[in-house]
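The values are calculated or read from the model by the stated rules, or taken from the named source; none is laboratory data. Here the structure is a predicted model, which is why all the values come from computation and not from measurement. Note: ideal-geometry Cβ built from the backbone for every residue, glycine included; neighbour counts use all protein chains shown.
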Amino acid sequence: MDCAGLFSLLKSNQQDLALRSTYGGGFGRKLILTDRTTLLAIGGEAHSRETCHVSSRTEASRDNAEALFGITFSTFRFGTLDIDSQSVLFPSLTDPGRFRLSSQSSLRIELIRNFTWNLQLYENHDTRLPINAPKNDLGVTKSVGWTF
């Protein structure tokens with residue numbers, strides 16, 4: 001059993017979030033641990049503070065106590081392929097029936113000697129936002145990079 005910590009900041013124009021800060025901690029257990037692959041399960045408690053755009057000039061803030069249940073996966077193959085993925089479920093303790101899901105995944109492929117192609121996918125879902133806004137914020141980022 002290992003200790004785990006979490007800290008994240010989120011700004012979402014799609015969900016009218018000016019800022020959601022989340023921090024928490026708990027315990028994790030390594031389900032798979034090899035020289036190339038790791039799978040970790042996490043459970044604990046978190047606190048979030050949300051500031052939402054109510055109108056063009058006003059914002060509303062609220063605090064939430066939440067449980068957290070997460071899974072993290074990471075693998076690499078022969079130095080040319082990296083896959084990382086994390087999903088965390090946040091059932092609200094202060095607003096029963098509300099659930100948030102935060103998920104990020106990335107794929108990095110080395111094309112030619114330190115020249116890489118990257119694909120990142122994220123999803124933020126909230127069953128009960130404090131304001132009338134879309135429940136999902138989904139995005140994809142593609143990039144190329146050079147490591148030295």
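Some values worked out for this structure:
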{"quantity": "Residues that are in contact with an Asp or Glu (Cβ under 9 Å, 6 or more places away or on another chain), touching a residue at least 24 places away in the same chain (Cβ under 8 Å) and aromatic (Phe, Trp, Tyr), drawn from segment 100-147", "calculated": "Trp117"}
{"quantity": "Matching entry among Asp126, Asp95, Asp84 (being among the acidic types (Asp, Glu), surrounded by 15 or more Cβ atoms within 10 Å (Cβ to Cβ) and touching a Ser or Thr at 6+ places or on another chain (Cβ under 7 Å))", "calculated": "Asp84"}
{"quantity": "Count - residues of segment 1-60 that are among the hydroxyl-bearing types (Ser, Thr, Tyr) and free of Cβ contacts under 8 Å to residues at least 40 places away in the same chain", "calculated": "9"}
{"quantity": "Single match in Leu19, Leu9, Leu31 (criterion: aliphatic (A, V, I, L, M), in contact with a Lys or Arg (Cβ under 6 Å, 6 or more places away or on another chain) and either assigned to a strand (DSSP E or B) or at pLDDT below 90 (or both))", "calculated": "Leu19"}
{"quantity": "Count of segment 123-148 residues which are among the aromatic types (Phe, Trp, Tyr) and either assigned to a loop (DSSP other than H, G, I, E, B) or within 19 Å of Cys52 (Cβ to Cβ) (or both)", "calculated": "1"}
{"quantity": "Residue list for segment 12-29, filter: surrounded by 15 or more Cβ atoms within 10 Å (Cβ to Cβ) and either among the small types (Gly, Ala, Ser) or closer than 12 Å to Arg62 by Cβ (or both)", "calculated": "Ser12, Leu17, Ala18, Arg20, Gly24, Gly25, Gly26, Gly28"}
{"quantity": "Lone qualifier among Leu121, Leu68, Leu107 - being in contact with a Ser or Thr (Cβ under 7 Å, 6 or more places away or on another chain), among the aliphatic types (A, V, I, L, M) and at pLDDT 90 or above", "calculated": "Leu121"}
{"quantity": "Per-region count, segment 40-93, residues among the hydrophobic types (A, V, I, L, M, F, W, C) and under 30 Å from Arg113 (Cβ atoms)", "calculated": "5"}
